[in-house]
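For reference, the structure is listed below as structure tokens.
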Amino acid sequence: MKPILLAVMLLFTTLNASALKVKITAATEGADKPAVVGTTNLPDGIELMVTLRRKESAFMAQDKAKVTQGKFRAGPFSQKGVPLNPGIYSISVSMPIASMQPPATWPTIGNDGDKLEGPLTKKSSFGGRVAEYSTTFKIGDGKASGSQDNAARAQSEKDKHAWWLQSCKDICKLAQGMASKKGAAFDFDRCYYKCVADEGKK
């Protein structure tokens, strides 16, 4: 009985030793066009996604970062080339699923991220485990500007609308081309205005 118990304990110790308790830290570098810099014990080569958000400005930007010698860097981030509005921003640093990572990292993180553990890990809806770290930081020395935030939100809505209109044109042009190849009639205007009318619908 004792040898079996000892073998089980040794196996558990071995499995524990091969697990990686994920550590990630992140901070900003620079003033109103900051870069996000951080450290992690994830293996070199791991590709991270760094996301910045500020709800009040309807701001969201992402950048990829690769772990090199335990460090990573993303950005700099700006609002279409201009400084970010002053206020509190959230930073999210996430490691996508293991299958999207370089194969050389799999022995450390597991083929499905199953070797990752700790409070910064969670199950992925695509299977396996992923890692994610979140924090906040402040931009600017003064108070958040309501007028700047309102202007940023308004510009964001204009940009979304312009993107939708262009997408409708592209979709209808594609459909028109397919119809033409089949020798079928196609009403471009009807397609376009129907698409435009669907803006904002889920």
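The values are calculated or read from the model by the stated rules, or taken from the named source; none is laboratory data. For clarity, every value in this text was computed on a predicted model and none was experimentally measured. Glycine also receives a Cβ, built like all others from the backbone with ideal geometry; neighbour counts cover every protein chain displayed.
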Could you say whether any residue in region 75-90 is more than 16 Å from the chain's Cα centre (by Cα), outside any loop (DSSP other than H, G, I, E, B) and more than 19 Å from T51 (Cβ to Cβ)?
yes
Checklist (1) in contact with a helix residue (DSSP H, G or I) (Cβ under 8 Å, 6 or more places away or on another chain); (2) crowded, with 21+ Cβ neighbours inside 10 Å applied to A58, failing item:
(2)
Flagged pairs (Cβ under 7 angstrom, 6 or more apart or on separate chains; first in region 56-73, farther than 22 Å from P43 by Cβ; second part of a loop (DSSP other than H, G, I, E, B) and of a type outside the set (A, V, I, L, M)) are S57/N85; A61/F77
Answer residue from region 68-87, given it is in contact with a Phe, Trp or Tyr (Cβ under 9 Å, 6 or more places away or on another chain) and either of a type outside the set (A, V, I, L, M) or loosely packed, with under 13 Cβ neighbours inside 10 Å (or both) and is nearest to K23 (Cα to Cα) among those
F77
Hits in region 60-74 - residues which are in a strand (DSSP E or B), over 16 Å from T136 (Cα atoms) and touching a strand residue (DSSP E or B) at 6+ places or on another chain (Cβ under 7 Å):
D63, K64, A65, K66, K71, F72, R73
Within region 176-193, the residues that are exposed (fewer than 11 other Cβ atoms within 10 Å of the Cβ) and not in a helix (DSSP H, G or I) are G183, A184, A185
Is one or more of the residues making up region 18-31 assigned by TED's automatic domain parsing to the domain that holds S134, modelled with pLDDT under 90 and within 26 Å of I139 (Cβ to Cβ)?
yes
Quick one: in region 96-129, of everything that is touching a residue at least 60 places away in the same chain (Cβ under 8 Å) and either in a strand (DSSP E or B) or not assigned by TED's automatic domain parsing to the domain that holds K23 (or both), which residue is surrounded by the most Cβ atoms within 10 Å (Cβ to Cβ)?
L116
Pick from L6, L48: which is at pLDDT below 95 and either of a type in the set (F, W, Y) or out of contact with any Gly (no Cβ under 6 Å at 6 or more places or on another chain) (or both)?
L6
Which condition number does L42 fail, the rest of (1) in contact with a helix residue (DSSP H, G or I) (Cβ under 9 Å, 6 or more places away or on another chain); (2) modelled with pLDDT under 95; (3) crowded, with 16+ Cβ neighbours inside 10 Å; (4) of a type outside the set (F, W, Y) being met?
(2)
